[in-house]
1. If you add up the charges near CYS554, with Lys and Arg at +1 and Asp and Glu at -1, over every other residue whose beta carbon is less than 13 angstrom from its beta carbon, what do you get?
2. Among LYS320, LYS582, what's the order by accessible area (1.4 angstrom probe), most exposed first?
3. Lys and Arg at +1, Asp and Glu at -1: add these up for the other residues within a Cβ distance under 10 Å of PRO434 and post the number.
4. Using the basic label-point model (7 angstrom from Cα toward the beta carbon), what is the ALA578 to LYS289 distance in nanometres?
5. Mind ranking HIS485, HIS474 by accessible surface for me, highest first, 1.4 Å probe?
6. With every protein chain in place, what's the accessible area of GLU507 (1.4 Å probe, Å², nearest 10)?
7. Would you mind working out the magnitude of the charge dipole of region 159-365 relative to its Cα centre, with +1 at each Lys and Arg C-beta and -1 at each Asp and Glu C-beta, to the nearest 20 Debye?
8. Residues with beta-carbon under 13 Å from that of GLY181, excluding GLY181: net charge, scoring Lys, Arg +1 and Asp, Glu -1?
Amino acid sequence: TPSTSRVGAGAVVLYALSLDSTLGWQRPLEVTMVVVGAEAPAREHQSSASLAGRLLDNKEAPLMFTPRAKRPGRWAINVLLAAFVMIVPPMVVLFGRARTSAPPIRIGTANHLHGGDGSPLHWPARSYDKLLGGLLADGFEEGTCHSRYQSDMYRRNPGRKPAAYLASKLRRQEALQRKCGPGTVAYSTALEQLRSGNRAVIASPECKYLVSISYRGLGNRVLATASAFMYALLTDRVLLVDPSNEMDELFCEPFPNTTWLLPSGFPLTSYTNFSLDTAESYGNMLKNKVLRSDVGDTPAAKPPVFAYIHLDHDATQDDKFFYCDEDQGLLRNVPWLVMRTDCYIVPGLLLDRGFREEFARLFPEPDTVFHHLGRYLFHPSNHVWGLITRYYDAYLATAQQRVGIQVREFGYQPNSPALLEQITKCTQKNGLLPELLTGTDPSRRVPSLKSKAVLVTSLRSWYSEKLKSIYWAHAAATGEAVSVHQPSHEEHQQFGAKSHDTKAWAEIYLLSLTDTLVTTAWSTFGYVAQGLSGLRPWVMYRPENDSAVPDPPCGQDVSMDPCFHAPPFYDCRLKHGADTGKIVPQVKHCIDMSWGLKLVQSS
């Protein structure tokens, strides 16, 4: 039974009973275990040591029962039993630092500790930082969202540290969300202005809004929301997220004491159906001269109450003028913006000269945008977190190395032997998985105590079953024990299905907890996993046909940030078409999509 009644912070005392061979008497044994990394006073350590030193002293240990007559060898047996109690149980307690507010810890197995609520606390090889270097705000009720403060315990890769300026900007954004968000007077006034379409209704000048439409697959929705939030940070807008497609059930609220979900009763009742043809789209208003930047103080220069921003994959060049600083000047005074995109548009924002200085202060490391914003915004709900942690504990926690492989059949037929060959060539040639012994002589096998857990995510089970068979039928050349696991296989993508999206979110997050990551080109599912993980993945290239394995089969990405699939091809300063991958050093073309853009570390 753990106790700290006789020693200070930094130690756990275990009491056991020393039994003689006849079970005739017992005496208490006290074993002090010093907590690694805890800041216990030296005097307490010395006191604990002196107690342990008296364990074998018969005169110091009070008898609990009257002893029988001693028999030869009894003392030796007691010594052996005491040594067994102290040495055999694998109970090592790890703390990043001693804190009086920490929950009670009970000793579990060699792989886990358990908190007061029963949740497993895994052994990190580093200190546990629940606020992620100041990225997250303290003070949330932890029971409403276990993942927010527990996720760092499951990551071996600590990730990049956010800039202090980003942390302070997030605190200011949280204050803005509370001041202007749903349930406030400012929000009610802004709704009335939107409902009436009358700018004479005076709303708070500090409170401008961006509504992000949620649609398409989960990966697209996550990237679109992160993009909208980045734009909100740069333009001091309140972000409100369309709650459809289970956005309210998959994710916890990211902002303290307010909501990011757009409440019911929004005046633009058909906003989820806005499209390329919507008259109020920014591109259409430019084309129809409803909005103009060259007419001075005229009705055409007066901004409307709202504008629809269409940045989907089918956006026109008129829509993509959104990425120019002159056009941002027009949008700055529009109180309500509604945005639809199925892309990660952040690299396009850096093409706007007006955003570059603030961007550089927020992200001195340009390739960490989604890494930080993803970890800030997207915390799995308690139900999803349960799926994640139970699977992790059962299949991944004890492995010495964890390899994530995300498989999509882009360019291949279902259950494609060519894609399986691409997976094995990519992983084995780059040392991610061990090569196989092809001979039959077992003496060639190199003994090893290493274990490697492979997490496969795919709509089909065929690829993981084949990998599992490969490493069962053939020994690994390195001697490693390779296990292959796949949480689910839905066979087909199911847009808007709650159970499908729940599993997808759990699997994305599990991928982000691995040590090495292999993804499929063009996949937003993989983009989200790599950004959350902080890893540069190995990307399996898209084949030219469904039977030809690309050579090389994969390559390591230039950064962890996602690829922008539908960028503009226009130089706003020179006002003509251009290769936008050559305008700013932090924006380059993607390795998996030659025309796409992504953020990289500037050389």
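The values are calculated or read from the model by the stated rules, or taken from the named source; none is laboratory data. Treat the numbers as computed from the prediction; the structure is a model and nothing was measured. Positions of Cβ are backbone-derived with ideal geometry, glycine not excepted, and every protein chain shown enters the neighbour counts. Only protein heavy atoms, including side chains, enter the accessible area calculation; ligands, DNA and RNA are left aside. Shrake-Rupley method; radii C 1.70, N 1.55, O 1.52, S 1.80 Å.
1. Combined, the nearby Lys, Arg, Asp and Glu give 0.
2. Numbers: LYS320 30, LYS582 160 Å².
Greatest to least solvent exposure: LYS582, LYS320.
3. Residues near PRO434 contribute 0 overall.
4. Going from the ALA578 label point to the LYS289 one covers 2.8 nm.
5. HIS474, HIS485
6. That residue has around 10 Å² of solvent-accessible surface.
7. 520
8. +1
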